[in-house]
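Coordinate-derived values only; no laboratory data. These numbers were taken from a predicted model, which means no experiment stands behind them. Glycine gets a Cβ as well: all are built from the backbone with ideal geometry, and neighbour counts include every protein chain shown.
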Amino acid sequence: MNSEQTKISKMAEILDLKEKISRLAQVGFLDVDIDPTLDLFAEIEKLKKEKNAILLAHYYQEADIQDIADFIGDSLQLAQKAQSTTADIILFAGVHFMAETAKILNPTKKVILPDLNAGCSLADSCPPEEFAAFKKNFPGYAVISYINCTAEIKALSDYICTSSNAEFIVNSIPKDRGIIFAPDKNLGGYLAKKLNREMVLWDGSCMVHEIFSLEKIRKLKEKHPAAKMIAHPECEAAVLELADYIGSTTGLLKYTQTDDAQEYIVATETGILHKMQQASPQKTFIPAPPNNGCACNDCPHMKLNTLEKIYLCLKYELPELLMDEELRIKAKVPIDRMLEISAAAGLKG
Ligand code: SF4
């Protein structure tokens, strides 16, 4: 190729890129070709250093993303890390509400996410207008919302909680005050029973945690009689009844590290099995099967993120999470309350 041809080819590349960036709002991610010979791990590391960027990843991300992340955690740990980071750019490998939470806590930092389509069925199950109308039926009640909700729902809440700190948040509300819990009816029902507290529950749920098959779990237990069954409280009550231990994603991970069983049936998103296996290589982890013909249970939203999308997102700093400032300020109030209560309880990320 002579120099004139090289120039024309470069210009065509730039025009193609401009067109792809202009289509970002419709497509949700940068659909740009990547040189297949690139070492994406090395390139991502290089870009992180050049741009003073931090890659935060949720435990439900695929193994490659967990391995390249600067910090891996559950929702509480990620919110705490987002609050304390000194990086200029936060690249959030999780789902949309998590990147939103990072932006709410860091208005001056650039928050980017690999794919805008990475939503959450649980967050979607609570539309803000319907929730605002529902809330009016219970004047004076404290509204506790699980962090898996949109910024609009956070702005309508008094407290945010995660599965790691939910018990502390509920217990911080005086016994004589009513509680509305949203959006996850399974976590709300579990807390109400465990803490012996009446709560009004919003009828939402997570598509991943709701489809575990009781029958298949029972069969697995018969096949692996020495295995302990562990479950996330977003699972339905009937599944939780079969569990030897119920806890947040981090709680489940810690349990498998400190407990002396050698085999576990794990009822939550399968991404966490990577960390469990890394932490206890001698143990066996069996994903609890869903009732849809698959052997394991992946969150389709979480799994939209790929190493390629992360590389492009970091290279072009797109898509960026932008938020209305008035909404951000309102949504921050209940998150700050959660972080204060968590810090006082010694729950650290
Ligand atoms: S696992 Fe469930 S709650 Fe978590 S992001 Fe996926 S759909 Fe939402």
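Structure data summary
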read-out: Residue (of Ile104, Ile144, Asn117) at the positive-pole extreme of the range 92-145, dipole from beta-carbon charges; value: Ile104
read-out: Hz values of 3J(HN,Hα) by residue in the range 316-327 - Karplus curve (6.51, -1.76, 1.60), Gly and Pro given as x; value: 9, 6, 9, x, 9, 8, 10, 9, 4, 5, 5, 5
read-out: Contact order relative to length of the chain, as percent, for alpha carbon pairs under 8 angstrom and 6 or more apart; value: 22 percent
read-out: Nearest-ten-degree value, helix 40-51 long axis tilted from longest Cα axis of the chain; value: 90 degrees
read-out: Dipole magnitude of the chain, debye to nearest 20 (Cβ charges: Lys/Arg +1, Asp/Glu -1, about Cα centre); value: 760 debye
read-out: Inter-site label distance for Ala279 and Asp70 at 7 Å from Cα along Cβ, in nm; value: 2.3 nm
read-out: Under the Karplus curve 6.51 cos²θ - 1.76 cosθ + 1.60, θ = phi - 60°, whole-Hz ³J(HN,Hα) for the range 86-98, x wherever Gly or Pro sits; value: 9, 5, 7, 10, 10, 9, 9, 9, x, 10, 4, 5, 6
read-out: Interchain or long-range residues, amide H under 5 Å from Ile265's placed H; value: Lys228, Met229, Ile230, Ile286
read-out: Spread of Cα-to-Cα distances over 10 Å intervals beginning at zero, given as percent, for the chain; value: 5, 24, 32, 24, 11, 3, 1, 0, 0
read-out: Estimated FRET transfer efficiency (Asn171, Asp31; beta-carbon r; R0 45 Å; 0.05); value: 0.45
read-out: Over 22 Å between alpha carbons, listed pairs Lys194/Lys221; Lys20/Lys109; Lys103/Lys309; Lys109/Lys315; Lys81/Lys332; value: Lys194/Lys221; Lys20/Lys109
read-out: Pair Asn291, Leu24: separation of 7 Å Cα→Cβ label points (nm); value: 4.2 nm
read-out: Along each principal axis, Cα extent of the range 120-272, largest first, Å; value: 50, 28, 22
read-out: Given charges at Cβ of Lys, Arg, Asp, Glu: the range 188-263 dipole, positive-most of Pro225, Met199, Gly189; value: Pro225
read-out: Of Thr306, Thr37, Thr270, the one that fluctuates the most in a GNM where the chain has Cα springs shorter than 10 Å; value: Thr37
read-out: Residue-averaged 222 nm ellipticity for the chain, from DSSP H runs of 4+ at -39500 (n - 2.57), nearest 500; value: -13000 deg cm²/dmol
read-out: Dipole magnitude of the range 15-119, debye to nearest 20 (Cβ charges: Lys/Arg +1, Asp/Glu -1, about Cα centre); value: 600 debye
read-out: Built amide H within the under 5 Å cut-off of Lys110, gap 5+; value: Ile90
read-out: GNM top mover of Lys315, Lys193, Lys185 - the chain, alpha-carbon springs below 10 Å; value: Lys193
read-out: Estimated distance in nm for a label pair at Glu317 and Glu241, the labels positioned 7 Å out from Cα along Cα-to-Cβ; value: 5.5 nm
read-out: Cβ charges +1 (Lys, Arg) and -1 (Asp, Glu), total dipole of the range 101-141, debye; value: 280 debye
read-out: FRET efficiency, Asp298 to Thr6 (Cβ-Cβ, R0 41 Å, nearest 0.05); value: 0.40
